[in-house]
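Take a look at the structure below.
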Amino acid sequence: MSKKSETIILEPEERIRKEGFCSRPMTCPYCHGRGYFPPTKHQPWETMCPDCEGTGEVIALVTIDWKPNK
Ligand SMILES: [Zn+2]
């Protein structure tokens, strides 16, 4: 399976602080982008995917917390 990569270049600004990045949306691996699971014998209705909450996509929130080097 091929993989794409995203790179975050770490570089402190004038004042260090907490930074946050949001990845590009990716296909939910649990429901494979469907957002819902089809009905089964035990559960005869569609079930919303708990990981992507029915959107079919997930994003990664990356937090960078700059600290003194001690
Ligand atoms: Zn999902």
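All of the numbers you see were taken from the coordinates with simple rules; none came from a lab. The model shown is predicted, which means the values in this text are computed figures rather than measured ones. Heads up, the Cβs are rebuilt from the backbone with ideal geometry, glycines too, and the neighbour counts pull from every protein chain shown.
Normalised by the residues of the chain, what does the relative contact order come to in percent, with Cα pairs under 8 Å and at least six apart?
Relative contact order comes out at 38 percent.
Between the DSSP loop rule and a limit of at most 14 other Cβ atoms within 10 Å, which trypsin sites (Lys or Arg not before Pro) in region 5-42 are left?
Those satisfying the criteria are Arg15, Arg17, Lys41.
Work out the length of the dipole vector of the chain about its Cα centre, built from +1 on the beta-carbon of each Lys and Arg and -1 on the beta-carbon of each Asp and Glu, and round it to the nearest 20 debye.
That gives the chain a dipole magnitude of about 180 debye.
Looking at the chain, which chymotrypsin sites (Phe, Trp or Tyr not before Pro) are in a loop (DSSP not H, G, I, E or B) and have at most 10 other Cβ atoms within 10 Å?
Trp45
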